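FYI, it's all coordinate maths here, none of it is from the lab. Treat the numbers as computed from the prediction; the structure is a model and nothing was measured. Cβ: placed from backbone, ideal geometry, glycine included. Neighbour counts: every protein chain shown.
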Amino acid sequence: MRGVIFAQTLRRNWLQALGWGLGIGMLGLFILAMLPNVEMIEQYQRLMAALPPAVLAAFGMSDISQLASAEGFIGFAYFSYVMMLVSAYAVVLGMNVTAVEEDRGILDVLMSAPVSRAQLMIEKFLAYLLLMVITILLTFGGFVIGSAFSVPVDLGLLFTGTLNMIPAALTVFGFTVLMGALLRTRTTALAVSVGFVVVSYFIEFIGSAASDTAAAALRLVSYYNYYGGGDYMTTGIQWGNVLLLIVVGVGLFSGGVFLFQRRDIGL
Amino acid sequence: MANQVMIQTENLTKVYNGGKPALADLNLSVAQGEIFGYLGPNGAGKTTTIRLLLDLIRPTNGRASIFGMDTLARSVEIRKHIGFLPGELNLWDRLTAREIINYMGNLRGGVNTAYVNQLAERLNFDMTKKMRTYSSGNKRKLGLILALMHKPKLLILDEPSSGLDPLMQQIFNQLMLEAKANGQTVFLSSHVLSEVQAICDRVGILRDGKLQAVETVERLMRVDFRKVTIRFRDAVTPALVSTVPGVSGVSAEGATSLSLQLQGDFDPLLKALNGAYVQDLHVEEPTLEDIFLTYYGGQSANNHREKVLS
């Protein structure tokens, strides 16, 4: 029956989503709590300005003037790095679409019900995507609470930054689903997906620091490049990149469905 | 309708990673309302056959149909009417059996809660516990409820009685016979020969991915050899009877007992015992296990059939 897998997936995983959302949100709260006054931010900006541009770029800082505001500081200290955690969560969810249940032999029973492989994957994908969006939105709660204790911050801008994480997370999610469908062992799929996240991260920051190296050219295949970290503070949301990440994420997932329908299960 | 073919395979073959076939050219037909036993040791290809029928894996060659529908093309439609019990039941550890049953029931639709409760009661199964707390026997019971709860036309059961205690084994046998009486078809793999002997109408014997024979249990049991155990007062050696026509497999059980297989009449054996003091003579009909072992004795299936079956 349609919708049963979707509902069951939500029911079984909402608590985990809550945990991730609140956990990451605590980081936002912590960052804001570290910003007791504007003077401290200015001191930090002066400190960072003393560093060579390449080192700053390696830390994901393309424009030092960003640090002059609380939002800019958060963009640098939070959004550039918290994407790693959100990506880790996306990998966990992607593994749950087929890889985990296939590895445990649960799919044998599930697929004895009148459910097509595509239906199974689509319902799970939609449920986990919803959980991922909710989790990311929950992280914003940390800013809301933290803003009560910090210097004044533009919550609208921080909310935009929070939403900006969703397309990149979708790409990682789609990639992990594809790996779960392509590679038959859970550990291999997990290792490749984690590798994708870590390598993307390093390509982006090494490429940023050394613009005349191969790493700079490889930035084209790093989803971090299209995510942009805290850059949206100065450049605004790059809708082209957002659209690209969404298309790639959905495309990778579709590739996973295609492959999973054509292979043996549970071997 | 009584003889409608429920499962049909034509040269069904599965080769994993280009190696030796796990299943080779399987041609099999199972009719509506029968209980079909699929026998073979581990690695014979039983589970591979079941996974092919369920479209969990895809054939390398050949095809299979269930209810007259191709298992590849119309897999979802077929699975509406199938109840499946895997050889090893793995489900969500953190869910209770009741939650799992509700989930699978909702997925299938049309499951009668009263019938589920009745099955749980008959199997003496507590549905309130979490999956991870169940013993292997209880997991088996849950698997049986999941397979039976929607009263499917076809039950496909992989080693169903493994882990069940003797009392539950009896209840399982009753459930299978009731399913048969209701017109349901049962395809079960097993190496528990007593189970097959008790409930199956026909048996397929599989070895090294090849179907060795398909016979009715009745016909398999109608063989012309018997197991004979003779206890003497004095010490004897197997040479006493090993040359008797119709006698084979003579072995000594201690100094004063011989066991053997006898084909044909008793008279030559009794004459050979002339002069020896016989304290006891025990004659047994062969079990399916004996027949099973005979099939695996190293000769071809046809030779065995000629030799063993009347």
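Dividing the Cα radius of gyration of chain A by 2.2 N^0.38 Å, with N the residue count, gives 1.08.
Considering only the Cα atoms of the stretch B:44-169, their convex hull presents on average a projected area of 8.3 nm².
Give me the percent of Cα-Cα pairs in chain B that sit more than 36 Å apart, rounded to a whole number. Working shown, then result.
Details: 14359 of 47895 pairs.
Result for the distance tail: 30 percent.
Between A:Leu130 and B:Asn90, how high is the FRET efficiency from 1/(1 + (r/R0)^6) when r is the Cβ-Cβ distance and R₀ = 22 Å? Nearest 0.05. Taking R0 as 22 Å, the efficiency between A:Leu130 and B:Asn90 is 0.25. Only Cα pairs within less than 10 Å get springs; with that Gaussian network setup on chain A, which residue of A:Tyr78, A:Tyr232, A:Tyr44 has the largest fluctuation? Greatest mean-square fluctuation among the candidates belongs to A:Tyr44.
Return the ratio Rg/(2.2 N^0.38 Å) for the stretch B:23-82, where Rg is computed over Cα atoms only. The value comes to 1.12. Label separation (B:Glu10 vs B:Ala255): 6.7 nm, computed from points 7 Å beyond Cα along the C-beta direction.
Under a point-charge model restricted to the Cβ atoms of Lys and Arg (+1) and Asp and Glu (-1), what is the dipole moment magnitude of the protein assembly as shown relative to its Cα centre, in debye to the nearest 20? Please report the intermediate quantities before stating the final value.
Working: 46 positive and 45 negative charges, 147 e Å.
Using only the charged Cβ atoms, the result is roughly 700 debye.
Under a Gaussian network description of chain B, with springs only between Cα atoms under 10 Å, the residue in B:Leu155, B:Leu273, B:Leu85 that fluctuates furthest is B:Leu273.
Each principal axis of the Cα atoms in the protein assembly as shown has its own extent, and those three values, largest first, are 117, 53, 45 angstrom. Rg/Rh for the stretch B:110-235 stands at 1.09; both radii use Cα atoms, and Rh follows the Kirkwood definition.
Percent relative contact order of chain B, based on C-alpha pairs within less than 8 angstrom and at least six residues apart? Intermediate results must be reported in sequence, preceding the final value.
Numbers: 574 pairs, mean separation 57.5, N = 310.
In percent, rounded to a whole number, it is 19.
Taking all C-alpha pairs of the stretch B:1-101, those more than 17 Å from each other amount to 57 percent. Taking each DSSP H run with n ≥ 4 as -39500 (n - 2.57) and averaging over every residue of the protein assembly as shown yields -16000 deg cm²/dmol at 222 nm.
Note on chain B: dipole from Cβ charges, positive end direction compared against B:Thr237, B:Leu53, B:Val111; the farthest Cα belongs to B:Val111.
Positive end of the charge dipole of the protein assembly as shown (Lys, Arg +1 and Asp, Glu -1 on Cβ, about the Cα centre): tell me which of B:Ile7, B:Leu85, B:Tyr38 has its Cα farthest that way. Value computed over the given set: B:Ile7.
Taking the beta-carbon count within 10 Å as an exposure proxy, list B:Arg219, B:Arg108 from fewest neighbours to most. Don't jump to the answer; show the numbers that get you there.
Numbers: B:Arg219 13, B:Arg108 22.
The order, fewest Cβ neighbours first, is B:Arg219, B:Arg108.
Only the Cβ atoms of Lys and Arg (+1) and of Asp and Glu (-1) were treated as charged; on that basis the dipole of the stretch A:4-260 about its Cα centre amounts to roughly 680 debye. For a paramagnetic label modelled at 7 Å from the Cα of B:Thr113 toward its Cβ, which residues of the stretch B:83-99 fall within the zone defined by backbone nitrogen distances under 18 Å? Answer for the stretch B:83-99: B:96-99. Which entries in the list B:Lys141/B:Lys227; A:Lys124/B:Lys180; B:Lys20/B:Lys46; A:Lys124/B:Lys20; A:Lys124/B:Lys130; B:Lys46/B:Lys139 go over 25 Å, if you measure between the two C-alpha atoms of each? Exceeds cut-off: B:Lys141/B:Lys227; A:Lys124/B:Lys180; A:Lys124/B:Lys20. Look at the stretch B:45-54: the mean tally of other chain Cβ atoms within 10 Å of its residues' Cβ atoms is 1. Ordering B:Phe67, A:Phe149 from the fewest to the most neighbouring beta carbons within 10 Å gives A:Phe149, B:Phe67.
Around the Cα centre of chain B, unit charges on the Cβ atoms of Lys, Arg, Asp and Glu (plus for the first two, minus for the last two) sum to a dipole of about 1120 debye. What share of Cα pairs, in percent, lie more than 16 angstrom apart in the stretch B:137-198? That fraction is 39 percent. Taking the C-alpha atoms only, the angle from helix B:113-122 to the longest principal axis of chain B is near 30 degrees. Along each principal axis, taking the top coordinate minus the bottom one, the Cα set of the stretch B:224-285 gives 29, 20, 17 Å in descending order.
Principal axis analysis of the Cα atoms in the stretch A:68-146 yields extents of 59, 19, 18 Å, listed in decreasing size.
If the stretch A:133-267 were replaced by its equivalent ellipsoid, with semi-axes equal to the square roots of 5 times the Cα gyration tensor eigenvalues, what would those be, largest first, whole Å?
Working: eigenvalues 188, 81, 36 Å².
Working from the Cα gyration tensor, I get semi-axes of 31, 20, 13 Å.
Distance between the C-alpha centres of the stretch A:110-136 and the stretch B:105-176: 27 Å, rounded to the whole angstrom. Within the straight-line cut-off of under 18 Å between alpha carbons, the aspartates and glutamates reachable from B:Lys129 are B:Asp93, B:Glu99, B:Glu121, sequence neighbours fewer than 8 places apart in one chain being disregarded. A simple spin-label model places pseudo-atoms 7 Å from Cα toward Cβ; at B:Asn274 and B:Arg74 they are separated by 7.0 nm.
When B:Lys180, B:Lys20, B:Lys46 are ordered from fewest to most other Cβ atoms inside 10 Å of their Cβ, what list results? Show your work: numbers first, answer last.
Numbers: B:Lys180 18, B:Lys20 9, B:Lys46 24.
The order, fewest Cβ neighbours first, is B:Lys20, B:Lys180, B:Lys46.
Just A:Ala127, A:Ala214, A:Ala90 to compare: in a GNM of chain A, with alpha carbon springs under 10 Å, which one fluctuates most? Between A:Ala127, A:Ala214, A:Ala90, it is A:Ala214 that shows the largest mean-square fluctuation. DSSP H helices in chain A with Cα extent of 18 Å or more along the helix axis and mean Kyte-Doolittle hydropathy at least 1.0? Helix filter hits for chain A: A:4-33, A:80-97, A:117-146, A:165-182, A:186-209, A:239-260.
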